[in-house]
């Protein structure tokens, strides 16, 4: 701790990390809203519920296909970190 002065390094690091996360979430929201509002899933062809499209501001996949894609992406990232 730095005592009576300015912000210590750990606090500054935490602030920067939180600001970076806010920026990342804002970018993801902008990206999501820029997606086309498809009526049918790009992967399986099933109809995407209107409520899902409305809430997300646009989507390419139904809930099940999106969850499957996210699981695969997480596994790939985990393997990349291990290498």
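Between 16, 48, which is touching a strand residue (DSSP E or B) at 6+ places or on another chain (Cβ under 9 Å) and surrounded by 10 or more Cβ atoms within 10 Å (Cβ to Cβ)?
From the options 16, 48, the qualifying one is 48.
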State all residues of the range 51-66 that are surrounded by 13 or more Cβ atoms within 10 Å (Cβ to Cβ) and either at negative phi or touching a strand residue (DSSP E or B) at 6+ places or on another chain (Cβ under 7 Å) (or both); if no residue qualifies, say none. 52, 53, 56, 58, 59, 60, 61, 62, 63, 65, 66
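For the range 36-67, which residues satisfy the criterion of being assigned to a helix (DSSP H, G or I), out of contact with any helix residue (DSSP H, G or I) (no Cβ under 7 Å at 6 or more places or on another chain) and touching a residue at least 24 places away in the same chain (Cβ under 8 Å)? Spell out the reasoning first.
The initial filter retains those residues of the range 36-67 that are assigned to a helix (DSSP H, G or I), namely 50-56, 63-67.
Retained after the next criterion (residues that are out of contact with any helix residue (DSSP H, G or I) (no Cβ under 7 Å at 6 or more places or on another chain)): 50-51, 53-55, 64-67.
The answer is 65, and nothing else.
Quick note: the coordinates plus some simple rules give every number you see, no bench work behind them. Remember, predicted model here, so these are calculated numbers, not experimental data. Reconstructed Cβ throughout: ideal geometry from the backbone, glycine too, with neighbour counts over all protein chains shown.
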